[in-house]
Amino acid sequence: MAIDIQGFGQQLQDAIGRVVVGKHDVVELMMVALLSEGHVLIEDVPGIGKTTLAKTLARCLDCVFSRIQFTPDLLPSDVTGIFYFNQKAGEFEFRAGPIHANVILADEINRATPRTQSSLLEAMEERQVTVEGHTTPLPRPFLVLATQNPVELEGTFPLPEAQLDRFLMRLPMGYPTEAEEIAIVRRFETSQPLDELGPVVTGAELMEYAAAARQTHVDDAIASYIVSLTRATRSHESIELGASPRASLALFKASQALAALRGRSYVTPDDVKYLTRPILGHRLILRHQGRLHGALADRVLQSIVDATPVPVEPLPTTSARPTA
């Protein structure tokens with residue numbers, strides 16, 4: 001039976017649009033992350049709507065949702081759970097923490113200490129949590145939607161490279177246009193639209209869509225193009241630490257999901273180019289000399305994209321959607 005991924009994407013976009021004004025590109029990229037089973041880091045200044053967007057997406061999924069407010073005094077056990085002694089039963093029992101859910105909102109993640117931030121590492125990569133030698137698998141789907149303020153703001157602890165690399169993509173929100181800001185004021189004038197929003201897809205259905213998206217055809221030339229882009233970040237003169245093989249895999253899966261959402265059964269070079277910035281940008285560490293000369297990550301990535309030969313082999317012309 002054919003699975004209409006494009007129709008699913010439009011349905012989810014419409015539902016989110018009843019709460020979030022504009023931000024269509026950001027919402028599309030978050031749907032790419034959903035289909036890729038990847039985590040998202042939403043970064044921007046306070047008051048832009050990062051938490052509202054994450055809560056809206058979670059509300060659209062008929063899954064177990066958990067919100068963790070990251071603060072400097074939050075402990076790793078507050079996230080993962082603890083063993084406690086049950087006096088009535090006379091034995092130790094495990095009390096699961098909020099990480100044991102389908103959708104996790106890690107709000108202001110960079111306000112917690114590095115020790116607490118690292119409590120998410122195993123969960124994000126291996127979909128399991130280990131406490132005192134006891135390992136518990138996490139439910140599927142499992143998605144971390146983290147928000148953070150720019151590291152220049154006071155009271156923040158920058159996420160380490162190992163943590164950033166576990167996020168499929170980092171997304172800036174950006175300020176709304178004047179017309180969008182007027183629409184926001186009017187939309188929230190008398191009610192809270194989020195309270196009226198209901199789920200549009202179950203966890204099981206989402207896993208079916210994700211499996212179907214992975215059937216999107218990726219030509220050998222496109223796969224080689226993805227790897228070439230990633231490898232180019234490791235030898236660029238302005239980059240001290242380039243993207244890892246995990247980034248190549250992330251770009252590959254996300255390109256499949258984006259093509260499926262746009263109604264195609266194959267990936268094009270434009271899909272890959274579109275995803276380069278949100279997937280590779282946060283994985284790069286620039287050299288000090290590059291920072292002095294203003295070689296920001298976006299500019300460096302654009303130069304890599306411009307310098308990497310684009311595949312010219314003919315691609316399929318069919319617009320058939322992926323089938324399960």
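Which ³J(HN,Hα) values, rounded to whole Hz and listed in residue order, are derived for region 156-165 from phi using the Karplus coefficients 6.51, -1.76 and 1.60 in 6.51 cos²θ - 1.76 cosθ + 1.60 with θ = phi - 60°, glycine and proline given as x?
Taking θ as phi minus 60°, the curve returns 10, 10, x, 5, x, 4, 4, 6, 4, 5 Hz for region 156-165.
Give the Rg (one decimal place) followed by the Dmax (whole number) of region 188-255, computed from C-alpha coordinates and expressed in Å.
Reported Rg and Dmax, both Å: 19.4, 55.
Which of HIS39, HIS24 comes first, and how do the rest follow, when ranked by fewest Cβ neighbours within 10 Å?
Least crowded to most crowded, the residues run HIS24, HIS39.
Could you work out Rg/(2.2 N^0.38 Å) for region 105-230, with Rg from alpha carbons only?
1.40
Out of region 173-243, which chymotrypsin sites (Phe, Trp or Tyr not before Pro) are coil in DSSP terms and have no more than 16 other C-beta atoms within 10 Å?
When the chymotrypsin sites (Phe, Trp or Tyr not before Pro) of region 173-243 are filtered for loop state and at most 16 Cβ neighbours within 10 Å, PHE188 remain.
Could you work out the percent of alpha carbon pairs in the chain separated by over 35 Å, rounded to a whole number?
Values: 12373 of 52326 pairs.
Summing the P(r) tail past 35 Å for the chain gives 24 percent.
Along the positive direction of the dipole of the chain (beta-carbon charges: Lys, Arg +1; Asp, Glu -1; about the Cα centre), which of VAL218, SER36, ALA162 reaches farthest?
Farthest towards the positive end: VAL218.
For LYS273, LYS50, which order do you get if you count the other beta carbons within 10 Å of each Cβ and list the fewest first?
LYS273, LYS50
Give me the percent of DSSP beta bridges within the chain that run antiparallel, rounded to the nearest 5. Provide the component values of the computation, followed by the final result.
Numbers: 13 of 34 bridges.
Here the antiparallel bridges make up roughly 40 percent for the chain.
With a 10 Å cut-off between alpha carbons and a GNM built on the chain, which of SER77, SER66, SER191 moves the most?
SER191
Pick out which of ASP298, ASP73, ASP165 has the largest mean-square fluctuation in a Gaussian network model of the chain, springs linking Cα atoms closer than 10 Å.
ASP73
Two decimals is fine: what is log10 I(q)/I(0) at q = 0.11, 0.14, 0.18, 0.25 Å⁻¹ for region 214-309, from a Debye sum with one equal scatterer on every Cα and no solvent?
Those come out to -0.31, -0.48, -0.75, -1.26, one per q.
What percent does the relative contact order of region 62-169 come to when contacts are Cα pairs within less than 8 Å and at least six residues apart?
This gives 29 percent for region 62-169.
If R₀ is 35 angstrom, what is the calculated FRET efficiency for the pair THR190 and VAL64, using the beta carbon separation as r and rounding to 0.05?
0.70
Provide TYR266, TYR175 in ascending order of the number of other Cβ atoms located within 10 Å of each residue's Cβ, fewest first.
If I rank by nearby Cβ atoms, fewest first, I get TYR175, TYR266.
How many nm separate the modelled label positions at GLU161 and THR113, each set 7 Å beyond the Cα in the direction of the Cβ?
Using points 7 Å along Cα→Cβ, the separation is 2.5 nm.
To make sure I understand the rule: partners must be aspartates and glutamates, Cα under 13 Å from the Cα of LYS50, and not fewer than 8 residues away in the same chain. Which ones qualify?
Counting by Cα, and skipping residues close in sequence, LYS50 has these aspartates and glutamates nearby: ASP107, GLU108.
With each pseudo-label sitting 7 Å past Cα toward Cβ, what's the HIS24-SER235 distance in nm, one decimal?
Label at HIS24, label at SER235, 4.0 nm between them.
No value in this document is a laboratory result; all are computed from the given coordinates. Since we're looking at a predicted model, the values are computed, not measured. As a convention, Cβ positions derive from the backbone with ideal geometry for all residues, glycine included, and neighbour counts pool all protein chains shown.
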